[in-house]
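Data first, discussion second: the structure below is written as structure tokens.
The values are calculated or read from the model by the stated rules, or taken from the named source; none is laboratory data. Predicted, not measured: the structure shown is a model, and the values here were computed from it. Reconstructed Cβ throughout: ideal geometry from the backbone, glycine too, with neighbour counts over all protein chains shown.
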Amino acid sequence: MVEEQRPVSNPRIAILGCGRMGKQHAQACARLEVDVRLVCDPDVERARELAGKFGAQVVEKGDQIDWSDVDAAFCCTPPFARGPAECAAAEAGVALFMEKPIGLSLATGEEIFRAAQQGGGITAVGYMNRYRNSVRRAKQLAAETEVLGAICHWVGAIYRVPWWGKRELSGGQINEQCTHAFDLLRHFCGEIVEVSAMSQPPPPGAAEDIDAATSVILRAENGTLAMLYASCAAEAKQIGLYVFTKTKQISLDGWNLELRDGDCKDQPDVFGDEAEAFLHAAKTGDRSAILSDLGDALRTQAVVDTAVRALASRRSERVDYSPP
């Protein structure tokens, strides 16, 4: 491993992927008064539109980026596009924020992780729910007693971008979207060691080749059980997390995961909060505000990959993961 990344008072930022999340993080950078130096997207017109707001350079492909001119990067590309650009950035010591999921499978994330170890750079992954005031408060409440189990549901519609409904490009809802749910269940129940899963196939004639619904049972290392139900066949978002303890039920409702019967400050911009934590680390070298780095995200991806195996095998599967 080389020397760790040195702090930079005004980091030069690259945005890889100029879709919804790329725009979100670019706006967060502007609010935090850091310099968006470069944007990259194969859709050049979309890249130019975003670049025009910040006076940034436009690059069509990741292999065209001179990483010596970049201090930190937000990687907001689809799962199938992850790998080479992130590895090149990490090897160059660039601080790396990756939107979830980290790729189509654990293998991609491990490759990037090894590159980051070699380059000594900071990493963060966009499990933004960990930054919500409601989730932080729920975690405090759970720590006051014993967690018995948890149930999460993540129900909505097909995400209308060309790659999302194609298993080979997104990994399906279980990988692209439910990774949030798996991460939350890990967060409250502990490390997952065993997974069972069943799925409902898409309806006949559907343009998408991903499951319409999935049901998953998880066993944590301490024996705690957790469950996930997910569907992309609905017309409206229905999201919730319910943590059961010896003394109370902790309920988090809706996309914002609002804490029922809890006292929490309003939080208008959770994406800005996670970006601020990452950029603080890039500026100062202090990583303490980052709540999910790449090493931790690999553990969530390992659970996702195990659920995919369980769906294929139709039997319970052990989470076989050793940190690289």
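Conditions (1) under 30 Å from GLY172 (Cβ atoms); (2) among the small types (Gly, Ala, Ser), marked per residue:
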site: LEU16; (1), (2): yes, no
site: GLY19; (1), (2): yes, yes
site: PRO42; (1), (2): yes, no
site: GLU45; (1), (2): yes, no
site: GLY52; (1), (2): no, yes
site: VAL70; (1), (2): no, no
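Would you confirm whether any residue within the range 211-219 is in contact with a Gly (Cβ under 9 Å, 6 or more places away or on another chain) and touching a residue at least 24 places away in the same chain (Cβ under 8 Å)?
Checking the range 211-219: at least one residue is in contact with a Gly (Cβ under 9 Å, 6 or more places away or on another chain) and touching a residue at least 24 places away in the same chain (Cβ under 8 Å).
Which one is nearest to ALA181 (Cα to Cα) among residues in the range 108-154 that are part of a loop (DSSP other than H, G, I, E, B) and of a type outside the set (Gly, Ala, Ser)?
TYR127
Limited to the range 86-111, what total is found for residues that are over 13 Å from VAL125 (Cα atoms) and touching a strand residue (DSSP E or B) at 6+ places or on another chain (Cβ under 6 Å)?
Qualifying residue count, the range 86-111: 3.
Sort out which residues of the range 216-251 are assigned to a loop (DSSP other than H, G, I, E, B) and within 21 Å of ARG136 (Cα to Cα), and write them in order of number.
If the condition is that a residue be assigned to a loop (DSSP other than H, G, I, E, B) and within 21 Å of ARG136 (Cα to Cα), then THR224, LYS246, THR247, LYS248 are the ones that fit.
Looking at the range 154-165, which of the residues that are surrounded by fewer than 16 Cβ atoms within 10 Å (Cβ to Cβ) and not hydrophobic (A, V, I, L, M, F, W, C) is farthest from TYR242 (Cα to Cα)?
Per the stated criteria, the residue is PRO162.
Is it the case that some residue within the range 256-279 is part of a strand (DSSP E or B), free of Cβ contacts under 8 Å to residues at least 24 places away in the same chain and of a type in the set (D, E, K, R)?
No, every residue in the range 256-279 fails to be part of a strand (DSSP E or B), free of Cβ contacts under 8 Å to residues at least 24 places away in the same chain and of a type in the set (D, E, K, R).
With a cut-off of at least 3 residues that are closer than 19 Å to ILE239 by Cβ, assigned by TED's automatic domain parsing to the domain that holds SER313 and touching a strand residue (DSSP E or B) at 6+ places or on another chain (Cβ under 9 Å), name the helices (runs of 4 or more DSSP H) lying wholly within the range 155-203.
Result: 179-189.
Looking at (1) buried (at least 19 other Cβ atoms within 10 Å of the Cβ); (2) among the polar types (S, T, N, Q); (3) over 23 Å from ALA281 (Cα atoms), which one does GLN64 not meet, given that it meets all the others?
(1)
Take the range 20-45 and flag every residue that is in contact with a helix residue (DSSP H, G or I) (Cβ under 9 Å, 6 or more places away or on another chain), over 22 Å from ALA277 (Cα atoms) and surrounded by fewer than 21 Cβ atoms within 10 Å (Cβ to Cβ).
If the condition is that a residue be in contact with a helix residue (DSSP H, G or I) (Cβ under 9 Å, 6 or more places away or on another chain), over 22 Å from ALA277 (Cα atoms) and surrounded by fewer than 21 Cβ atoms within 10 Å (Cβ to Cβ), then PRO42 is the only one that fits.
Give the residue, chosen from LYS100, LYS53, that is touching a residue at least 24 places away in the same chain (Cβ under 8 Å) and farther than 25 Å from ALA297 by Cα.
So the residue among LYS100, LYS53 that is touching a residue at least 24 places away in the same chain (Cβ under 8 Å) and farther than 25 Å from ALA297 by Cα is LYS53.
Touching a residue at least 24 places away in the same chain (Cβ under 8 Å), in the same structural domain as ILE210 (by TED's automatic domain parsing) and touching an Asp or Glu at 6+ places or on another chain (Cβ under 6 Å), is that true of LYS237?
No, not satisfied.
For the range 172-210, what are the residues that are modelled with pLDDT under 95 and either on the phi > 0 side of the Ramachandran plot or in contact with a Leu (Cβ under 9 Å, 6 or more places away or on another chain) (or both)?
Residue satisfying the conditions is GLY205 alone.
State whether one or more residues within the range 58-71 are assigned to a strand (DSSP E or B) and more than 26 Å from GLN118 (Cβ to Cβ).
yes
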